[in-house]
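**Q** Okay, here's the structure, questions in a sec.
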Amino acid sequence: MFFTNRRKKVPGSQTKQSRQNSIKKSIPFYIMFIPVLIYFVVFRYVPLLLSLVISVEKYQPAKGIFQSKWVGLEYYKQFIDSVFFWRLIRNTLGINFLQLTIGFAAPIILALLLNEVGRVRYKKLVQTVTYLPNFISSLNCNARFHTQDLEWDL
């Protein structure tokens, strides 16, 4: 009776007005995303594009990127014709394969093994020891060990 004249809404379909309302509600999130976008453009994409430009010219730091002599694909041809090309490709693929297999499987295996440990205190200790390097900078650790050798004259 009451609801017989209402149209059924199809999931995923929105009217133009509701889309505009959802975009207006999301403006703060878009504004929060701007610094992240700027970071990726400045520190990821620009260096990538500049390195591609450098790879096709005879780069001289004194002349800069855009005044260096253009050589085209000469360096790429030189690399492919090198006697070390196939060895480098094989080593690169082998290292990447090992990193993927070990780097993906080892944490999962460790997590499964830790899940089976019955003693909670031992489990927490192992978790802390394995995660600690992620939180303490290796530079900081090296600096702490090397400052013990220095003599401080105050």
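The values are calculated or read from the model by the stated rules, or taken from the named source; none is laboratory data. It should be emphasised that the depicted structure is a prediction, and the values quoted were computed from it without experimental measurement. We place every Cβ from the backbone using ideal geometry, glycine too, and count neighbours over all the protein chains shown. Each accessible area value is taken on the protein alone, full model and side chains, heavy atoms only, with ligands, DNA and RNA left out. Shrake-Rupley method; radii C 1.70, N 1.55, O 1.52, S 1.80 Å.
**Q** Which length gain, in nm to one decimal place, applies between Ile38 and Lys77 when the Cα-Cα distance is subtracted from 0.36 nm times their residue separation?
**A** Going from the current span to full extension adds 10.5 nm.
**Q** Which order do you get for Leu113, Leu132, Leu50 if you rank them by accessible area with a 1.4 Å probe, largest at the top?
**A** Descending order: Leu113, Leu132, Leu50.
**Q** Run the accessible area of the range 43-108 with a 1.4 Å probe and give the carbon-and-sulfur part as a rounded percent.
**A** 71 percent
**Q** The range 38-116: which chymotrypsin sites (Phe, Trp or Tyr not before Pro) are DSSP loop and have at most 15 other beta-carbon atoms within 10 angstrom?
**A** Sites meeting the loop and neighbour criteria: Phe84.
**Q** Between Ser51 and Ser22, what length in nm is gained on full extension when 0.36 nm per residue of separation is reduced by their alpha carbon distance?
**A** 6.4 nm
**Q** Taking the inverse of the average 1/r across all pairs of different Cα atoms in the range 20-64, what Kirkwood radius in Å do you get?
**A** Every distinct Cα pair counted, the radius reaches 13.2 Å.
**Q** Separate question: Using protein chains only and a probe of 1.4 angstrom, how many square angstrom of Val42 are accessible, to the nearest 10?
**A** 70 Å²
**Q** Next question, about the same structure. Using a ≥ b ≥ c from the Cα gyration tensor of the range 66-135 (square roots of the eigenvalues), is it rounded, prolate or oblate, where a/c under 1.5 gives rounded and otherwise the larger of a/b and b/c decides, a/b for prolate?
**A** Prolate is the answer for the range 66-135, as a/c is 1.5 or above and a/b outweighs b/c.
**Q** Equivalent-ellipsoid semi-axes (√(5λ), Cα gyration tensor) for the range 49-90, whole Å, largest first?
**A** Semi-axes (√(5λ), whole Å): 24, 10, 8.
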